[in-house]
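**Student:** Here it is, the structure in full.
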Amino acid sequence: MDTIPKIMVIDDGELDSIIFKLVVKRVLHNSNIESCNSGLTAINRLKFLIEKQPNELPDYIFLDIMMPLMDGWEFLLEYKKLKIEPIYKSKIYMLSSSIDRDNILKSLSNPWVEAYLAKPIDVPTLKSIFQAN
């Protein structure tokens, strides 16, 4: 990767976010990781970036499914309403510790979602994501 990837992790689990950041740092020694503890916080942050700093929109969003206030599915509905220009479109990956078949199928059928990933995320999975882009 030529530029430093901008990554947003959206997860209400503080430990999950810490583990995610540690794994990313093992794969990408140079990255900009921002964490939000709810879908609502992330939507508000994205609205700010669209208006004030569109070049700072994340390249990747790793989105937990189960969160209070606004879960991953509700986030996706609000994200779609943001009408982010295609040039700034983030690659969204759903994260879950659940192996619920319905969640997996719902994720994979959503046009905004690149893939469904099991938590905790591992080095080989992240390597394949970042090397593919």
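The values are calculated or read from the model by the stated rules, or taken from the named source; none is laboratory data. On a predicted model such as this, the values are computed, not experimentally measured, just so you know. Quick reminder, even Gly has a Cβ in these numbers, built from the backbone with ideal geometry, and neighbours come from all protein chains shown. Keep in mind that these areas ignore ligands, DNA and RNA; they rest on the heavy atoms of the full protein, side chains included. Shrake-Rupley method; radii C 1.70, N 1.55, O 1.52, S 1.80 Å.
**Student:** State the number of residues belonging to segment 101-132 that are surrounded by 11 or more Cβ atoms within 10 Å (Cβ to Cβ) and either among the charged types (D, E, K, R) or in contact (Cβ under 8 Å) with a residue 12 or more places away in the chain (or both).
**Tutor:** Residues of segment 101-132 that are surrounded by 11 or more Cβ atoms within 10 Å (Cβ to Cβ), as a first pass: 103-108, 110, 112-123, 125-130.
So of that shortlist, the ones also either among the charged types (D, E, K, R) or in contact (Cβ under 8 Å) with a residue 12 or more places away in the chain (or both) come out as 103-104, 106-107, 110, 112-123, 126-127, 129-130.
Of the residues in that region, 21 qualify.
**Student:** Now for a separate question. Do you know which residues across segment 80-96 are closer than 11 Å to Ile65 by Cβ and in contact (Cβ under 8 Å) with a residue 60 or more places away in the chain?
**Tutor:** Leu95 - this is the single residue of segment 80-96 that is closer than 11 Å to Ile65 by Cβ and in contact (Cβ under 8 Å) with a residue 60 or more places away in the chain.
**Student:** Does segment 45-54 include one or more residues that are touching a Phe, Trp or Tyr at 6+ places or on another chain (Cβ under 6 Å), over 22 Å from Ile18 (Cβ atoms), open to solvent by less than 90 Å² (accessible area, probe 1.4 Å) and polar (S, T, N, Q)?
**Tutor:** Checked segment 45-54: no residue is touching a Phe, Trp or Tyr at 6+ places or on another chain (Cβ under 6 Å), over 22 Å from Ile18 (Cβ atoms), open to solvent by less than 90 Å² (accessible area, probe 1.4 Å) and polar (S, T, N, Q).
**Student:** Would you be able to say whether some residue in segment 69-79 is within 17 Å of Ile33 (Cα to Cα), of a type in the set (Ser, Thr, Tyr), touching a residue at least 24 places away in the same chain (Cβ under 8 Å) and open to solvent by less than 80 Å² (accessible area, probe 1.4 Å)?
**Tutor:** The initial filter retains those residues of segment 69-79 that are within 17 Å of Ile33 (Cα to Cα), namely none.
No, the conditions are met nowhere in segment 69-79.
**Student:** Filter segment 30-44 down to the residues that are open to solvent by 50 Å² or more (accessible area, probe 1.4 Å) and over 17 Å from Ile19 (Cα atoms) and list them by number. Steps first, answer last, please.
**Tutor:** Initially, segment 30-44 is screened for residues open to solvent by 50 Å² or more (accessible area, probe 1.4 Å), giving 30, 32, 34-35, 37, 40-41, 44.
Selection gives Leu40, Thr41, Asn44.
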